[in-house]
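Worksheet: one structure, shown below.
We did not get these values from a lab; they are worked out from the coordinates using the rules stated. Please read all numbers here as calculations on a predicted model, not as lab measurements. Glycine also receives a Cβ, built like all others from the backbone with ideal geometry; neighbour counts cover every protein chain displayed.
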Amino acid sequence: MKAFLFDLDGVLVSTEHNHFLAWQRCAHSLGIEFTEKENELLKGVSRVDSLKKILELGSKTISDTEFEALLKSKNDFYLDSIQELNQSNLLPGVLDLLNQAKERGILLGVGSSSKNANFILDKLRIRSYFQVVIDGNGVQDPKPHPEVFLNGAKALGLDPSVCMVFEDAASGIAAAKAGGFTAVGVGNPNIKDQADIYLNDLTAFRVEQHA
Ligand code: B16
Ligand code: MG
């Protein structure tokens, strides 16, 4: 493999619980029930599509102004809750994998649905490892569309067949497969069957076997 492309949330760090609490607050303000079970549907899904799914769950329609206001309030609450994020919050095996890949000359990228990806990477102090970061600001069609990863491969000048994608969400594995990448599922047993390779966490990944 010539490059590794990483999803951010659920692979390098986990702020999914912060997203969950922020969406739950938003759903409750609309009188919609929202538990961890419903939250599973939002993993890896863009902010706009997440709110659409919550409205669908509650069979609700709201005005465009209210929609925009809810998106802002959800994001403000979420950002507030991750102010203390730092390198100790990296998921197991991440730093080791990044260092080993760098030593072997494997190119590294991030392909995230989050519009906060650069902010989070800076907090984690790992931004400099990546030659390319494609986030929710640079993509028209969110996961499960492969655009985010295709843009990453293109920016690195590589064909998807020589790039590996690391993902924790069903939408992300679908995006990777649709783009022609090798899809590595991480830390989410629900995606075991869809992924080409499945790992409980990144400590189990052997860079030398895929270099
Ligand atoms: P934001 P990923 C995704 O990140 C999260 O998994 C998902 O829960 C979130 O709704 C989405 O980013 C959008 O995030 O509101 O920060 O733009 O897993 O694709 O790195
Ligand atoms: Mg994810």
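Here are a few things to note about the model shown:
- Across the range 44-201, Cα pairs under 8 Å and at least six residues apart give a relative contact order of 18 percent.
- Förster radius 45 Å - calculated FRET efficiency between GLN83 and GLN140 (Cβ-Cβ, nearest 0.05): 0.90
- Computed magnitude of the charge dipole of the chain (debye, nearest 20; Cβ of K, R +1, Cβ of D, E -1): 340
- Three-way shape label, the chain, alpha-carbon gyration tensor, a/c 1.5: prolate
- Think of each Lys and Arg Cβ as +1 and each Asp and Glu Cβ as -1; about the Cα centre, that makes the dipole of the range 16-81 roughly 40 debye.
- Candidate cross-link partners of LYS192 among the lysines, defined by an alpha-carbon separation under 21 Å and a same-chain spacing of 8 or more, comprise LYS37, LYS43, LYS143, LYS177.
- Summarising the strand pairing of the chain, around 5 percent of its internal DSSP beta bridges are antiparallel.
- Extreme residue, positive dipole direction of the chain, given options ILE62, VAL132, LEU79 (C-beta unit charges): VAL132
- Estimated distance in nm for a label pair at ASN190 and ASP159, the labels positioned 7 Å out from Cα along Cα-to-Cβ: 3.5
- Farthest towards the positive end of the charge dipole of the chain, among the residues ALA117, LEU41, HIS19, is the Cα of ALA117, using unit charges on the Cβ of Lys, Arg, Asp and Glu.
- Contact order relative to length of the range 16-81, as percent, for alpha carbon pairs under 8 angstrom and 6 or more apart: 46
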